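Please treat every number below as a calculation from the coordinates, not as lab data. This structure is a prediction, so every number in the text was calculated from the model and none was measured. Cβ atoms come from the backbone with ideal geometry, glycine included; neighbour counts cover every protein chain shown.
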Amino acid sequence: MGETYRIGKNILAGAGIESPAFDAACLFEKVFGLDRQKRIVHAAEPAEEQKAEEYLRLSRERAGGRPLQYILGSWPFLGLTLAVGEGVLIPREETELLVQTAAELLHGQENPEVLDLCSGSGAVALGLASLFPGASVLAAELYGEALSYLDLNIQNTGFRRVKSVQTDVLDPESAARFASFDCIVSNPPYVTADELRTLQTEVRREPRTALLGGEDGLLFYRAIASLWLPKLKPGGAAAVEIGEGQAEPVVRLFQNAGLSEIRVVKDFNGFDRVVAGIRKNN
């Protein structure tokens, strides 16, 4: 088994995969059901031929640029295991900061009403639901493939107070149908058109609709500020994930929408990652 694992790892390393040992270990565990410790224990044993062929097939898929998360079919986020695949954005560790920031803003509220815009797999909505069992979370997503993963993840996690709704965040008529909320969160598409062309091959395999935020990357923030932030209850809070260089314009959008106590939160790499603010009581 050890030799089979090494062949897969070498396939990934030869293709320039950034973390060949980790990726190979994940693929090996998916096929053989053995984690690293068990793989080492059974290293001298022969690998079942059919499973070895499947493992090497998946290794070649990964070497060809298919995201590891799509091959595995799931990925962890804030202690949850979320189903993912082609058609939905892969949950990322940096986005946990968005959930944590929103949780701080909601501290002390037992039954907050939360709106998650551009929900995708439901990572943010379900992450908040895991921290606030009494929260009612509405997860808004436009695209059918992403909605299917969103609904599956709601079902798998058992958070019945999370509901999905098909909504175009950019459409004023869609926004008009919603009431008010204690908190609005979003990890919207924010990659610029120029940045999209320079992304890693595997990132470009994720849905373009979940990445591209217009020519300047701010299209969705403008819509959130003009159409959705007015739906915050007095004292309600908003938090959005941002990309590089977007803190200043998003802060201005929040200010123009009447929010106060606006702050920019840095991620574990020191990059501006979240903009948050509170709607004034008056």
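Worth a mention:
- For the range 40-52, putting each phi into the Karplus relation 6.51 cos²θ - 1.76 cosθ + 1.60 with θ = phi - 60° gives couplings of 5, 4, 9, 4, 7, 7, x, 7, 4, 4, 5, 5, 4 Hz, in residue order, rounded to whole numbers and with x for Gly and Pro.
- Acute angle (nearest 10 degrees) that the helix 20-32 long axis makes with the longest principal axis of the chain, alpha-carbon atoms: 80 degrees
- Phi to ³J(HN,Hα) by Karplus 6.51 cos²θ - 1.76 cosθ + 1.60 over the range 170-186, Hz, x for Gly, Pro: 8, 9, x, 5, 5, 5, 5, 7, 9, 8, 10, 9, 7, 8, 10, 10, 6
- For R273, the residues whose amide H sits under 5 Å from its own are V265, K266, D267, ignoring neighbours fewer than 5 places away on the same chain, with H placed 1.01 Å from N.
- Stretch gain in nm, segment R6-D168, where the contour uses 0.36 nm per residue and the Cα spacing is subtracted: 53.7 nm
- Normalising the average separation of contacting C-alpha pairs (under 8 angstrom, six or more residues apart) by the number of residues puts the relative contact order of the range 2-64 at 49 percent.
- Compared with the dominant principal axis of the Cα atoms in the chain, helix 96-105 is inclined by about 30°.
- Distant-in-sequence amide H partners of G236 (H built 1.01 Å from N, under 5 Å): R279
- In a DSSP loop and with at most 12 other Cβ atoms within 10 Å, there are no chymotrypsin sites (Phe, Trp or Tyr not before Pro) in the range 163-248.
- Residues of the range 221-236 falling in the label zone of S260, defined by backbone nitrogen less than 11 Å from a point 7 Å along Cα to beta-carbon, are 235.
- Taking all Cα pairs closer than 8 Å and separated by 6 or more residues, the relative contact order of the range 43-93 comes to 23 percent.
- With semi-axes defined as the square roots of five times the eigenvalues of the C-alpha gyration tensor, the equivalent ellipsoid of the chain measures 38, 20, 16 Å, largest first.
- In the chain, the longest principal axis of the Cα atoms and the axis of helix 2-14 are about 60 degrees apart.
- For the range 1-145, share of DSSP beta bridges that run antiparallel, in % to the nearest 5: 45 percent
- Relative contact order of the chain, taken over Cα pairs closer than 8 Å and 6 or more residues apart, is 15 percent.
- Set of aspartates and glutamates with alpha-carbon distance to K280 below 19 Å, sequence-local pairs under 8 removed: E104, E113, D182, E261
- Annotation for S226 and A44: the two label points, set 7 Å from Cα along the Cα-Cβ direction, are 7.0 nm apart.
- For A176 and E110, a Förster radius of 35 Å and the Cβ-Cβ distance give a FRET efficiency of 0.75, rounded to the nearest 0.05.
- Build a GNM of the chain with springs between Cα atoms under 10 Å apart, and of Q69, Q200, Q100 the one that fluctuates most is Q200.
- Taking the DSSP beta bridges with both ends in the chain, the antiparallel portion is around 45 percent.
- In order through the range 131-142: 3J(HN,Hα) via Karplus (6.51 cos²θ - 1.76 cosθ + 1.60), integer Hz, x for Gly, Pro: 8, 10, x, x, 6, 9, 10, 9, 9, 9, 8, 8
- Net charge of neighbours whose Cβ lies under 13 Å from the Cβ of A175, counting Lys and Arg as +1 and Asp and Glu as -1: 0
- Low-density loop cleavage sites - GluC sites (Glu not before Pro) in the range 18-58, where at most 10 other Cβ are within 10 Å (DSSP): E18
- Distant-in-sequence amide H partners of V137 (H built 1.01 Å from N, under 5 Å): V114, V162, K163
- Cα Rg, Dmax, the range 2-64, angstrom units: 10.5, 30
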